[in-house]
Amino acid sequence: MPLLEVTYFINILGFLAAAVGIVFLFRRFKISPVLGYLVAGMLIGPHVLKLIKDPSETRFLGEIGVLFLLFTIGLELPLQRLQSLKKYLFGLGLGQVVLTSAGLAVIGYALGLPKEAAILAGGAFSFSSTAVVLQILDERRELAARFGRISFSVLLFQDLAVVFFLILATTLGSPHSGLFVALSHASLKALLALLIIIGLGRLVFRPLYRAMAMSDNPELFMGTTFFLVLGTSFVTGWCGLSMELGAFLAGILLAETEYRHQVEADILPFRGLLLGVFFMSVGMELNLSAFRDYYAAVLEILALVLSLKFLFLFALSRLNGFTASTSLRVSFLLAGCGEFVFVIFSPSVAQQFLPPHVVDILFLVVTLSMALTPLLAYLGKRCADRFQVQETHSDPTTALEKEFKNHVIIAGFGRVGQMLGDLLSSRLIPFVALDTDMCRVTEGREKGWPVFYGDARQLEMLRAVGAEKARAVVITLNQMQPSVRTVMMLRRHFPDLPVCVRIKDHRHHEKLLDSGAFLAIPETVEPTVQLATSVLQVVGTPPTEIKQVIERFRRQQWVTLGTQER
């Protein structure tokens, strides 16, 4: 085997061994894999063990990983989601990015950075780590909590804003362009690319995917996705824009189609692997000797960025009407920096705008802040719990009403109520649960659930959790009589509020519907349907036939149910 091939083979083995071993340890201790990839890259890179002496060998694959990251971000932005979160997106999200970018840019310019580098650094440091924050919220099941939805919305706007800064990085680098001209060109280019790709996409994307889906060839379907991501990226890059913009716009277009979920499932493993390569290549650039030489500057910039972002987020959250406890949790959680600093300051951009030692300092600040994010989230929870107790004691009804709007009320937080809470959390649908069992309430609160002690049969309690502003009420109580009384009370005082009830068997179905329930579901039917579906799949029944059989069975059950009750 030639010496060059042996070298490449050894590099690949070292690369994979570091990725698998170190990331596995980080996951074992519930630390973000992003940090694991950074540490792995740093260890095998030219500054520590020197297993790989030239990071540029893996940089190309990492850049493709960034394209797929932007593509999946676009997939997560269907217009319906943007509309449902627009208050948080364009209120808190926009204000946070603008104020933080401007504040940090001014400070960077005052410290001696060129104005172009100061603007890019201010924008890059205004972004939080989507990967780390979402992992924390998901592990603690706090995405459906109000502060979780607010944090998610801010991250979503940051993901949108990063496209602008990527375009700005390429525009600022062009010769003979002033700052105002560069900003104007970046905005116009983004708008023009958006209009062209959306116009072409609506004519091409959906028909193309329909044809690929009808071919019933998974490889062809996946290949189409790769072609569109890389093709739109090439077009925007050829037009003088960032390649990431093309991938992002392709994701937005597919987010509105019926093929979105299959596309996301197809590319998820590749995106994760390629992103790992990207973060490892970034880790190879991290220079620990720079921390030894400039540790004072690193710690000072870190403290400055965390403090400034926290203050801006807290002030804007309070101005948007959020309670002190919610504002604290959002501010602590999003105070750190994120992985998009590495994307915006790609090697070509960093070499153009910043001296090497400044790049080392900025990358070290970002890495440390990402590592501190779980600790900041813990501090935010501790501080918020104290403020929440004070708010509730001072005026419990007002404190609760401020937190709940367009939510689902779950009456009873036992086994069924908790499963429903899990489902609502996965769809970012806000909910509040009531239960008279203090053990369930305590257990739920420890897990971060919005669970409160209270009797759903009491009108004052329902008003305290915002029944006037709720989307629906779900009753999961075990006893039939309390369920009927709750339904009757809700129908009397909140006639337009949909009420869904879980019942243990068929006997009380008609009684609940007569009481005013919108829907009464026997808990014996759907588990049987799920079991039957699994059995049919195991014995090799075609999917279309399974769907027909299950639909027929479900219709028969409801017909039988109506006959029994008559």
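The values are calculated or read from the model by the stated rules, or taken from the named source; none is laboratory data. Everything quoted here is computed from the prediction, not taken from an experiment. Cβ coordinates were reconstructed from backbone atoms using ideal geometry, including for glycine residues, and neighbour counts include every protein chain displayed. When the accessible area is computed, the model is the full protein with side chains, heavy atoms only, and any ligands, DNA or RNA have been set aside. Shrake-Rupley method; radii C 1.70, N 1.55, O 1.52, S 1.80 Å.
Table for the structure above
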quantity	calculated
Identity of the residue in region 127-149, under 11 Å from the mean Cα position of the chain (by Cα) and modelled with pLDDT of 85 or more, that ends up farthest from Gly74 (Cα to Cα)	Val133
Of all residues in region 401-419 being open to solvent by 40 Å² or more (accessible area, probe 1.4 Å) and within 22 Å of Glu468 (Cβ to Cβ), the one that is modelled with the lowest pLDDT	Glu401
Close pairs (7 angstrom Cβ cut-off, 6 or more residues apart or separate chains): without any contact (Cβ under 8 Å) to a residue 40 or more places away in the chain in region 95-107, buried (at least 19 other Cβ atoms within 10 Å of the Cβ) and β-branched (Val, Ile, Thr) anywhere	Ala105/Ile119
Residues of region 296-339 satisfying the condition of being within 21 Å of Thr367 (Cα to Cα), without any contact (Cβ under 8 Å) to a residue 12 or more places away in the chain and in contact with a Leu (Cβ under 9 Å, 6 or more places away or on another chain)	Leu299
Test for Thr72: is it modelled with pLDDT of 85 or more, polar (S, T, N, Q) and under 26 Å from Pro374 (Cα atoms)	no
Pair list, Cβ < 9 Å and 6+ apart or interchain, from region 266-280 residues that are more than 15 Å from Val229 (Cα to Cα) to residues that are open to solvent by 20 Å² or more (accessible area, probe 1.4 Å) and polar (S, T, N, Q)	Val277/Thr58; Phe278/Thr58; Met280/Thr58
Residue count for region 12-50, restricted to those that are under 21 Å from the mean Cα position of the chain (by Cα) and either outside any helix (DSSP H, G or I) or of a type in the set (D, E, K, R) (or both)	4
Filtered residues of region 460-498 (kept if within 16 Å of Asp435 (Cα to Cα), surrounded by fewer than 16 Cβ atoms within 10 Å (Cβ to Cβ), touching a residue at least 24 places away in the same chain (Cβ under 8 Å) and over 36 Å from the mean Cα position of the chain (by Cα))	Arg485
Count of region 261-302 residues which are surrounded by 18 or more Cβ atoms within 10 Å (Cβ to Cβ), of a type outside the set (A, V, I, L, M, F, W, C) and within 25 Å of Leu104 (Cβ to Cβ)	4
Yes/no for Glu258 being under 15 Å from Glu76 (Cβ atoms), open to solvent by 20 Å² or more (accessible area, probe 1.4 Å) and not hydrophobic (A, V, I, L, M, F, W, C)	no
Of residues in region 207-252 being assigned to a helix (DSSP H, G or I) and acidic (Asp, Glu), the one least open to solvent (accessible area, probe 1.4 Å)	Glu244
Condition check for Phe342: among the hydrophobic types (A, V, I, L, M, F, W, C), open to solvent by 30 Å² or more (accessible area, probe 1.4 Å) and either part of a helix (DSSP H, G or I) or without any contact (Cβ under 8 Å) to a residue 24 or more places away in the chain (or both)	no
Among residues of region 431-449, those that are modelled with pLDDT under 80, open to solvent by less than 80 Å² (accessible area, probe 1.4 Å) and assigned to a loop (DSSP other than H, G, I, E, B), counted	2
